[in-house]
Amino acid sequence: MSDASVADDERAWFEAWCAGDAAAGRRFVARQLPAIARFFATKVGAAHEADDLTARTFEVLLTKRAQWRGEASPRTFLFGIAHHVLLGWARDRRRADDRFDPASVSAAALGPSMTSHIHARGQQRVLLAALRAIPLQAQVLLELTLVEGLSRAEVAAVLQLPEGTVASRLRRARAQLDEAIAAHAGSPELAHSTATDLAAWAEALRAGLVPGLPQPP
């Protein structure tokens, strides 16, 4: 099935769900659940937290789906909710610091990695460690594009930013990631192989992200 066909199915399911078709809603949620679980698995330190945030995202979707107007895809609408849930969690973790800024604070600074739920070796582990070491804002940008395959326009819709801003932030994020890869690789050879075939290692990392999947509402 092509990406376009998948997107068409997801839009049709979501539209039917908004119109009251609960079975279509279950199909949509089942399709999107792994991606949202992955989104949190790389950023939080405990499986139960990732499960809670994933479930929270779908709870919010349940209450806000009527606000969808069709300008963006249902998937980007859902990732936008997940992003807000993530920022709320991060602010709670840093509640004693009213200067919390996702452009400067990394996932690594918010807590330990959920490594027991990620089956990765070599370049995958280097990439994961590097992603967690860069600012949270940059990590989200790169994971949405490299791991989840969202276009620049879709990322702009998720983050509610102009596409030009997304493009400039992506360039900065990639430079930060290259620096972090070099710092975490342990050898120039491993750093080079990770950075030069980033799309392939991101896909391998995507396949290795297997957090527990909570049951959505």
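Derivation of every value follows stated rules applied to the coordinates shown; laboratory data play no part. Please read all numbers here as calculations on a predicted model, not as lab measurements. Here the Cβ positions follow ideal geometry from the backbone for every residue, glycine too, while neighbour counts run over all protein chains shown.
Once C-alpha pairs closer than 8 Å and six or more residues apart are averaged by separation and normalised to the residue number of the chain, the relative contact order reads 27 percent.
For LEU150, the residues whose amide H sits under 5 Å from its own are THR145, ignoring neighbours fewer than 5 places away on the same chain, with H placed 1.01 Å from N. Extension gain, THR196-GLU163: 0.36 nm per intervening residue step, less the Cα-Cα distance, totals 9.4 nm. Note on PHE14, PHE100, PHE58: ascending count of other Cβ atoms within 10 Å places them as PHE100, PHE58, PHE14, the fewest first.
Can you compute the equivalent ellipsoid semi-axes for segment 43-113, i.e. the square root of 5 times each eigenvalue of the Cα gyration tensor, sorted largest first and rounded to whole Å? Spell out each step's value before the answer.
Details: eigenvalues 125, 40, 21 Å².
Ellipsoid half-lengths, sorted descending, are 25, 14, 10 Å.
Amide H contacts for SER106 (H built 1.01 Å from N in the peptide plane; partners 5 or more residues away or on another chain; cut-off under 5 Å): LEU136. Note on the chain: Cα Rg divided by 2.2 N^0.38 Å, N the number of residues, gives 1.01.
For the chain, a Gaussian network of Cα nodes joined below 10 Å ranks VAL158, VAL60, VAL140 by mean-square fluctuation, and the top entry is VAL60.
Could you calculate the FRET efficiency of GLU71 with ARG152 from 1/(1 + (r/R0)^6), where r is the beta carbon distance between them and R0 is 22 Å, rounded to 0.05? Let's see the in-between values first.
Details: r = 16 Å, r/R0 = 0.72.
It comes out at approximately 0.90.
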